[in-house]
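One structure is given below, encoded as structure tokens.
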Amino acid sequence: MPTPEELMDKGKLLLRSKADDYTSGKTDRYENFGRQAILMSWFKSETDKAFVSLIAVKLARLGSLLDSKSPKHESIEDTFVDLINYCSLWGGYRTINNNANTNSSSIRLEPMIDKSILNKKCSNCLADLGEGEEVYLSNTINGIEPYCSDKCRRAANSF
């Protein structure tokens, strides 16, 4: 097993080598993080930002490699495949969470208190929805229906 010092030395070599693939080679070794931050700032959802962060890293890599130098690590083709996979995962996540678009049969809203549904029952388990409780809403064919939890909302809308 390598010593901590050996691991750090190996890490330094890898850091320098990967910097060649992920930056333009100028003096700013952090430029790809700046690129990431710009793309992430376009989104409000923390989960979307997580996906965008991974995608932005790959885009920054392509920006450094295309038309200028050969990669030292994974191929340019691998980077395009990574982008496809990250985008597919993101789209799948949003679809599973009913966030793909507002025209879907169900949309996920952040937990909220909606005074208009107080003293009503969960559309799935029929639990009372009282004041101060988190309420999840779903836009269905029958209109907006309240649920006591995201689990109930999902169960009622999984068909």
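Readers should treat all values here as calculations from the given coordinates under stated rules, not as data from a laboratory. Just so it is clear, the model here is predicted, and its values are computed rather than measured. So basically every Cβ, Gly included, is an ideal-geometry build from the backbone, and we count neighbours across all protein chains shown.
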Problem set entry | FRET efficiency estimate (nearest 0.05) - Cβ-Cβ, S53 to R16, R0 25 angstrom | 0.65
Exercise. Can you give the relative contact order of the range 4-96 as a percent, counting alpha carbon pairs under 8 Å and 6+ residues apart?
Worked result: 30 percent
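If I take R0 = 30 Å and measure r between the Cβ atoms of S75 and F43 in this structure, what FRET efficiency does the formula 1/(1 + (r/R0)^6) give, to the nearest 0.05? Walk me through the numbers on the way to the answer.
Working: r = 29 Å, r/R0 = 0.96.
Efficiency computed from Cβ-Cβ geometry: 0.55.
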Exercise. Of Y30, Y147, Y93, Y22, how do they rank once you tally other Cβ atoms within 10 Å and put the fewest first?
Worked result: Y30, Y93, Y22, Y147
Exercise. Each label point is 7 Å from the Cα along the Cα-to-Cβ direction; what then is the distance between the points at L7 and F33, in nm?
Worked result: 2.1 nm
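Could the peptides 10-19, 32-41, 72-81 be put in order, highest first, of the mean number of other beta-carbon atoms found within 10 Å of their residues?
With the highest mean Cβ count within 10 Å placed first, the list reads 32-41, 72-81, 10-19.
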Problem set entry | Packing-based exposure ordering (other Cβ within 10 Å, fewest first) of K58, K151, K49 | K151, K49, K58
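Quick one: which of K12/K58; K12/K44; K49/K121; K49/K69; K12/K49; K44/K151 span more than 31 angstrom between C-alpha atoms?
The pairs that break the limit, which is 31 Å between Cα atoms, are K12/K44; K49/K121.
What is the local net charge at A56, summed over the other residues whose Cβ is closer than 10 Å to its Cβ (Lys, Arg +1; Asp, Glu -1)?
That works out to +4.
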Seminar exercise, completed: Amide H neighbours of S123 at under 5 Å, excluding residues fewer than 5 places away on the same chain, with H built from the backbone geometry, are Y147, C148
